[in-house]
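Working notes for the structure below.
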Amino acid sequence: MLLRMIDRFFRHEASGGLLLMAAALAALVVANSGLSGAYDAVLGSVLSVTINGTGLEKPAILWINDGLMAIFFFLIGLELKRELLEGKLKKPSDVVLPGMAAVGGMVVPALIFVMFNWGNTATINGWAIPAATDIAFALGVLALVGDRVPSSLKVFLLTLAILDDIGAILIIAIFYTAELKVDYLLMALVPALAMLWLNLKKVHRVAPILFLGVIMWVLVLKSGVHATLAGVVTAFFIPLTDKWGKSPLHSLEHGLTPYVLYLIIPVFAFANAGVVLTGLSLSDLAAPLPLGIALGLILGKQIGVFGVTWLMVKLRLAQPPAGANWAQIYGVACLAGIGFTMSLFIGSLSFADPELMNHVRLGVLLGSLVSGVIGYAALRLSTAAEPEGAKVAAE
């Protein structure tokens, strides 16, 4: 009976989001309990991988954020390549509406954050934090609604979130690169060219590509460019089809997804979501940093995603999601405000100060929670009493 329940849980579309929520809650509890010292000590413990004194030496939190998250970005890269070559991003006409909505959903939250933090040199660097959307969390909440909304909305949200991830990757590459060391970056081209050759040869075994990807990850990390980007680049060198017509990309994506969804992302959440509530007051919630993040996620995503979608449809520049009404599209726009994983990740790149990072966690958790609740409520109520002609397509 227990095994059957566990199996049913992991088969449910919302399981990844629920596990992520549990990990965040656990981090919150531990960070504010007697275990907080041990929690900080484990995350701060230094792990070294060196040969004759040369190598990598980082605290555990950075091994998680730079190492495990590179695997997360590798999976995103696999999904992006598949979608571009044979999926939802293959036809430009299918990308117009969610693509423009994704742009609006990145620009408006960033502007709201800047509005609250303008002139504050200590916090302005976090402008991109509310621009991100958490795919697993957002789709998990949508899955909880079940069949109450048309499947086209899931496709719309998924495409929007994928394009949002592309935007986040570009933002990290352009704006969150530390001091650039060109020599290491040039050395990283060697494994990249070798992976390109293997890709063109349509190799079946991906182990050599993955090994070269690890080498490139180390070199990119040393160059100053954020190392998680090496995961995306490596993914694009995995062949979609090999010389026998099989798909190494599909096999690798299918095999890796459960480990990322049920292990890597929850571990990241547990390591990064530990908001220390001791000493916090209502005035801290109103501080520019957490307020800018929270309102960016809550209001910025709603205004950006829903506003651009409404404008594109009204101007007849794009077709709306089939069978969806405006209340449902609004609900999905709210779900785009669940920034959790990507927002926390960008926050960790923006601030090294523990106090500022605690405010980042506060803003991300508050903004994501409120966005999720509003989005879920809107989607649940959207089909309760749908008036005649409410469907967007009928307008």
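Summarising the label geometry, the points placed 7 Å from Cα in the beta-carbon direction at Leu240 and Ala322 lie 2.3 nm from one another.
Probing with 1.4 Å while keeping every protein chain in the model, the per residue accessible area of the chain equals 47 Å².
As a calculated quantity, the FRET efficiency between Arg205 and Ala286 at R0 = 51 Å, using C-beta atoms, amounts to about 0.35.
The slack in the chain from Trp197 to Leu263, taken as 0.36 nm per residue of separation less the alpha-carbon distance, amounts to 20.6 nm. Residue separation of Leu85 and Thr177 scaled by 0.36 nm, minus their Cα-Cα distance, works out to 30.2 nm of gained length. Quick one: how many lysine pairs does segment 146-282 have with C-alpha atoms less than 18 Å apart and a gap of 8 or more or different chains? Give me the count, please. Lysine pairs satisfying the spacing and distance rule in segment 146-282 number 5. Computed over segment 51-94, the Cα gyration tensor eigenvalues convert (square root of 5λ each) into semi-axes of 36, 11, 6 Å, ordered from largest to smallest. Along its first, second and third principal axes, ordered by size, segment 120-248 spans 54, 49, 16 Å in Cα coordinates.
Across the chain, counting alpha-carbon atoms alone, Rg and Dmax equal 21.3, 74 Å. Remark: segment 202-207, residue by residue, has Karplus-estimated 3J(HN,Hα) of 6, 5, 8, 7, 9, 4 Hz, where x stands for each Gly or Pro and the curve is 6.51 cos²θ - 1.76 cosθ + 1.60 at θ = phi - 60°. Given R0 = 41 Å, the distance between the Cβ atoms of Ser33 and Thr121 translates into a calculated FRET efficiency of 0.75. A protection proxy built from the mean count of other Cβ atoms within 10 Å ranks the segments 83-94, 290-301, 229-240, most packed first, as 290-301, 229-240, 83-94.
Binning every alpha carbon pair distance of segment 81-156 at 5 Å from zero, what are the percents per bin? In order of increasing distance, the bins hold 3, 13, 16, 17, 18, 14, 9, 7, 3, 0 percent.
A protection proxy built from the mean count of other Cβ atoms within 10 Å ranks the segments 28-37, 344-353, 195-204, most packed first, as 344-353, 195-204, 28-37.
If the chain linking Leu56 and Leu381 were pulled fully straight, counting 0.36 nm for each residue of separation and taking away their Cα-Cα distance, it would gain 111.8 nm.
Just how many % of Cα pairs in segment 236-395 lie over 18 Å apart, if you round to the nearest whole percent? Before the final figure, lay out the partial values.
Values: 8841 of 12720 pairs.
Cα-Cα pairs in segment 236-395 separated by more than 18 Å: 70 percent.
As a fraction of the 1.4 Å probe accessible area of the chain, surface on carbon and sulfur atoms comes out at 69 percent.
The values are calculated or read from the model by the stated rules, or taken from the named source; none is laboratory data. Because the structure is a prediction, the values reported are computed rather than measured. Backbone-built Cβ (ideal geometry, glycine too); neighbour counts: all protein chains shown. Areas reflect the complete protein model, heavy atoms only, side chains present, ligands, DNA and RNA absent. Shrake-Rupley method; radii C 1.70, N 1.55, O 1.52, S 1.80 Å.
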